[in-house]
1. Quick test for you: out of LEU245, LEU219, pick the one residue that is surrounded by 19 or more Cβ atoms within 10 Å (Cβ to Cβ), modelled with pLDDT of 95 or more and within 23 Å of ASP352 (Cβ to Cβ).
2. Restricting attention to the stretch 348-380, which residues are surrounded by 15 or more Cβ atoms within 10 Å (Cβ to Cβ), without any contact (Cβ under 8 Å) to a residue 40 or more places away in the chain and outside any helix (DSSP H, G or I)?
3. Only one of (1) over 19 Å from the mean Cα position of the chain (by Cα); (2) part of a helix (DSSP H, G or I) is not met by LYS74, so which one is it?
4. Any residue in the stretch 275-289 that is closer than 15 Å to LYS74 by Cβ sitting within a Cβ distance under 7 Å of a residue that is of a type in the set (Ser, Thr, Tyr)? List the pairs, counting only those 6 or more apart or interchain.
5. Please go through the stretch 64-77 and pick out each residue that is open to solvent by 20 Å² or more (accessible area, probe 1.4 Å) and closer than 20 Å to HIS149 by Cα.
6. If CYS61 satisfies all but one of (1) surrounded by 15 or more Cβ atoms within 10 Å (Cβ to Cβ); (2) in contact with a Leu (Cβ under 9 Å, 6 or more places away or on another chain); (3) touching a residue at least 40 places away in the same chain (Cβ under 8 Å), what's the number of the condition it fails?
7. Does the stretch 106-146 hold any residues that are open to solvent by 50 Å² or more (accessible area, probe 1.4 Å) and free of Cβ contacts under 8 Å to residues at least 24 places away in the same chain, and which are they?
8. Among the residues of the stretch 260-285, how many are charged (D, E, K, R) and surrounded by 16 or more Cβ atoms within 10 Å (Cβ to Cβ)?
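The values are calculated or read from the model by the stated rules, or taken from the named source; none is laboratory data. Just so it is clear, the structure is predicted and the values come from calculations on it, not from any experiment. Virtual Cβ from ideal backbone geometry, glycine too; neighbours counted across all protein chains shown. Protein only, heavy atoms only, side chains kept; ligands, DNA and RNA dropped before computing areas. Shrake-Rupley method; radii C 1.70, N 1.55, O 1.52, S 1.80 Å.
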Amino acid sequence: MAEQVDRAPLLDWAEGPAVSAAAVGRLWPLEQQQEEEEDHQIVAVFVVTFDPRTGNLMEWCMPHDIDLEGVEFKSIASGSHRVQSDFIYFRKGQYFGLACFANMPVESELERGARMKSVGILSPSYTLLYKYMHFLEKQVRHQLEIPGHYSHLEAFFEDKKGVLPAGKCVSTYQQPVHWLPSIHRYMYPEMKITHPAGCMSQFIKFFGEQILVLWKFALLRKRILIFSPPPVGVVCYRVYCCCCLANVSLPGIGGTVPESKPFFYVNVADIETLDTEVSYVACTTEKIFEDKRDLYDVYVDNQNVKTHHEHLQPLLKVNSADREKYRGLNDQRQMLIYSQEVDGDCSSCEEDLFVLFFMEQNNRIFQTLLEVSASQDKSLTAEHARSMGLDPQGDRNFLMDLLEVYGIDVMLVIDNPCCT
């Protein structure tokens, strides 16, 4: 028996207007141009069905000769039979996908009382996929009620299709991938129209002070894997939010550091790919990943953040500086809510506050590190740590890893509490 999914505001967004006029108005000319260019960048549309005898199957796709191997398992996540509806972001080769899943009871012994399908699309960028959420939700209901009728999907693809390279193989074609763009270029306004209002605030409420632990791991570009049972859609947003923790707008920072890639939903078919990645954030519904420790550095089981690397263990502990930052974040959120209610100030939102709060924290840290590295003695002291908003003792290991990852030449002269 399928559960009724809790239609929280995060999910209700999918059924409302995709973009507010205010959000569109905030786009810079570069983003407007990019949106126009990406309007016709759907490289595939597909229908996946669950067959009780053989499992997930690719029922139909356009173009008909495109390689979508493995997409049938990304579009209907393991455990999806327990929910009535869901949506899933995922990556396929150099492309990103969005699939909407629905589960409908039927009086059919052949289908064992339930018909389950997903309708999805692929694009070079995940940032435009949200625009078609409502369309995909309608189409998956249509496919459940009238299976085998694809005229609406065919018309959609003809209208929105992008140009595929020769061979139409999504897994081997190498082209620029639209990962999380740099915030000082266009990530910030882009974020405003990519995910629903409340996405970041729910992320903060869900993890609480643990968000500071995730922040450190994200800034260190660790491989972060989030486990959660279905529904998957909300967890895909947590992947995105986690990537947003590590934005830095200072020039010259992170040029040699691997990007924090949002892989979104992954399953056992992605093991070979994940094995080659040095930095990513992903989510899964498959518990088997927990035992494959060589694939991740940080494992998040709902709200429990853990790591099997001994040298990263100290980073799991929330220290006094973390608590102070968390209080500061909540104070800013309360001030924002107050100004919205009392003064009617709607020029800012919690999403703005969230991204800017962590970007400012990151800029503050790296600005100090760059100044120290440019000094004559290059000594990083406890006072420097405090000026960066860090705990000199509690964040000592974090600072050591940060200097190594980003290749910053300074000498840490903060005593190790274990050796004093």
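1. Going through LEU245, LEU219 in turn, the sole match is LEU219.
2. Once the filter is applied, which keeps residues that are surrounded by 15 or more Cβ atoms within 10 Å (Cβ to Cβ), without any contact (Cβ under 8 Å) to a residue 40 or more places away in the chain and outside any helix (DSSP H, G or I), the stretch 348-380 yields only LEU380.
3. (1)
4. CYS283/SER228; CYS283/TYR265; THR284/TYR265; THR285/SER78; THR285/SER228; GLU286/SER78
5. HIS64, ASP65, GLU72
6. Every listed condition holds for CYS61 apart from (3).
7. GLU107, GLU109, PHE135, LYS138, ILE146
8. Residues that pass the stated criteria total 2.
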